[in-house]
Structure formats: structure tokens, C-alpha cells
Amino acid sequence: MQETEKENTSDSLRVNKGIEQPPVISTQAVKKFLNKRKKLLSAQEYASLIQQADISVLSQAITLIESTLNEHQQLATQIVNLCLPHAGKAKRIGITGVPGVGKSTFIESFGVYLTTLGRKVAVLAIDPSSTKSGGSILGDKTRMEKLSVNPMAYVRPSPSAGTLGGVANKTRETIILCEAAGFDTILIETVGVGQSETMVHSMVDFFLLLMLAGAGDELQGIKRGIMEMADAIAITKSDAGNQDKAMRARAEYAHALHLFPPAESGWIPKVSTCSAITGEGIEALWETIDQYFLLISSNGYMEKLRKDQAKDWLYKNLKEELFNHFFEYSRLNFDLEQIEKQVLNGQQSPTQAARELVEKFITHR
């Protein structure tokens, strides 16, 4: 009896396999889709979609620009050349400051405000790369939560990869693509204040320096070279009982700026206070920036500025190309490591070794 019940139970739970159903999406279709995703578009297709404000394609093109693969570099160069006639109309603003000044917080508050004015904002946020691993955190999208989901804004974190100037190696090319995509305000957040960071000044129209109040001797915390290049200084975190300190810092910086020679643009740098948390001072700061652009557009300095930017871009790339060709040549034609050892062992000076290497490169090309 029990055995019969067990058999019946077993039969009742048995499921016949039946006819095997085909997958909802065929394997061939999946492979075709993946292959299509991997396939690169033509330069003309990239440029056309970028001009239609396709953000996904814009991001892909910037990735090509940042790639070190020769195939990607060639394609990226063609894309930039096609986008170049459609660029150049945006306001390029560099933003730098001492560590802890709150650059990302400020940029998010500032960027959100600009979008309320109907402006399309692209933020090129440069993350410092590790000098050991070359890795980068790329955390600016998580720090700029509101701006990164704003339909009027585009946040692109890029690794500095050890590049001097605190900006990524291909920031200039990225600016061109963002402008071609219709962004009329480009904000470039740099790694932080340093002697080599002046490179950012050669690619922007307006240079904004963010400073903290009450962090010790205000004027000792910043190098004179950065101060001289600043078109405006903003004392951040002017809130929560910090207003008095901010006002004192404002007076000190305003006095210091009067000691510098007048700017070629004819603009007199201004100092203001602001709070990224409350939004106080953000509107006034934009009005200052707007006044600056009105001035340089009317006195012809804007045209000169853009030509200077193009010239600097040319010579920077020329140095980079020569540098790359030299090392490519050295790998094939002489032992660079051996010469390096001679320098390290004191057998010849770095100056002499460098001169001989360059002569060898030029003579045997």
C-alpha cells in the first residue's frame, strides 16, 4: 500500500520535458548585436551625431580621444577636425583652488544655477592619477549628483594621467567636441593649485581662483603666478558664521591684486565671496564673468585670446609628437637605457647626454 502511494506520488511529481522552446533572442542575433556595439563608427558619423547632441556618442568620441591606441588616435583626430568648424562659441572657464576649497561642490552649485538661465553646461572634471599605478578615482560624477543628472549639463571626469598643468592630456580636444555638441559654457575643474597648473590658463577664456578664508596667512597659501593669472577670486564657504573671515580675506586679496601690473585684456580682476551650500554670491559671480566677456568681446581681446590658445595647442602637440618619435626611434636604433646608466653612474652629465641623443636622432633620421 505504501509502495503504491509512493509510486503514485512520484508519478504525480514527474514533469515531462516536452518540446524544448527556442530562446527569446537567438544566439546569432546576440552575437550580431555585440559585434555591432564593438564596431567603430566613421569619423563623419561620430561628428554628425555629436552635432545632434547625442551624449552617448559624445562620450564614446572623448574615450577615443583619450585612448593611446594608434587606430583610435587617428579616428579621434578626424572627428576633432570635422567638429572644429562647429566649435569656438562657448565660454571656456577654468576653475582652480587650494585643496579643501570645495571645487566640486562649488562647480555643481554654479553649474546648476547656469542651467536655470538656460545655458548648457559641460564640466570637464580632472581627477588626479596615481603616479605609481596610473589609476584614477574618477569620482566627480558621484560628487556632482544633481548636475550629473541634469539634462542641461554634461559631466565628464577624466584622469590627469600625470600630465603637467593639472589637466588631462586631451582636454583641448574634448572642449572642441563639447562645443560642437551645443554646450555654451565649458567649466574645467583642475586638480589643484600648483606651479605646473598654469597650463590650464592657456586653454580657457576666464580663470577663476577659489580660496578659503581663515586658513592661516591668506596670501602665503597661494603662489604669485596663479594670482597674476586670475581674472577673479572667489572666497568660498562664506556661510555658517564664516562671513566675517570671508570679508577680511576678500579685502586682503583685493589689496594684493592692486599690486600686480594691469592685465593685457584691460580687465581689472575682482574678488567676491560665495557659498555653494546657500547659493549666496553665485549670481553675482556670474554677472562678473558676464561683464568680463562683454569687455573682451568689445575690445578685440577675445579674438586674440582664441588665436593664442590655438598657437599654444599647436606647439604643445608638436613637442608631444617629437617626444614620441624620439622614443620610437631610440628603441630601434640605440640603447637609451645604456646611456641613462652612464648618466646615473656619473660617467657623463645629463646635459651632454641629452645633446648627444638629440644630435644622433636628427643626424640619422
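The values are calculated or read from the model by the stated rules, or taken from the named source; none is laboratory data. Just so it is clear, the model here is predicted, and its values are computed rather than measured. Here the Cβ is made from the backbone with ideal geometry for all residues, glycine too, and neighbour counts use every protein chain on show.
Summary of values
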{"read-out": "Test: residue 317 is touching a residue at least 24 places away in the same chain (Cβ under 8 Å), loosely packed, with under 15 Cβ neighbours inside 10 Å and not assigned by TED's automatic domain parsing to the domain that holds residue 227", "value": "no"}
{"read-out": "Residue that is surrounded by the fewest Cβ atoms within 10 Å (Cβ to Cβ), among those in the range 109-127 that are of a type in the set (D, E, K, R) and modelled with pLDDT of 95 or more", "value": "119"}
{"read-out": "Considering residues of the range 274-297 that are among the β-branched types (Val, Ile, Thr) and under 23 Å from the mean Cα position of the chain (by Cα) only, the residue nearest to residue 200 (Cα to Cα)", "value": "289"}
{"read-out": "Total residues in the range 157-214, condition modelled with pLDDT of 90 or more and of a type in the set (D, E, K, R)", "value": "5"}
{"read-out": "Scan of the range 298-338 for residues that are in a helix (DSSP H, G or I), more than 28 Å from the chain's Cα centre (by Cα) and modelled with pLDDT of 90 or more, ordered by number", "value": "298"}
{"read-out": "Within the range 48-57, tally of residues that are assigned to a helix (DSSP H, G or I), surrounded by fewer than 24 Cβ atoms within 10 Å (Cβ to Cβ) and in contact (Cβ under 8 Å) with a residue 60 or more places away in the chain", "value": "2"}
{"read-out": "Residue list for the range 51-93, filter: over 30 Å from residue 229 (Cα atoms) and aliphatic (A, V, I, L, M)", "value": "53, 55, 57, 58, 61, 64, 69, 75, 76, 79, 82"}
{"read-out": "Within the range 231-266, considering residues that are β-branched (Val, Ile, Thr) and free of Cβ contacts under 8 Å to residues at least 60 places away in the same chain, the one surrounded by the fewest Cβ atoms within 10 Å (Cβ to Cβ)", "value": "233"}
{"read-out": "Boolean, residue 153 is buried (at least 19 other Cβ atoms within 10 Å of the Cβ), modelled with pLDDT under 95 and under 26 Å from residue 236 (Cα atoms)", "value": "no"}
{"read-out": "Sole exception among (1) of a type in the set (Gly, Ala, Ser); (2) in contact with a Gly (Cβ under 9 Å, 6 or more places away or on another chain); (3) part of a loop (DSSP other than H, G, I, E, B) for residue 266, by number", "value": "(2)"}
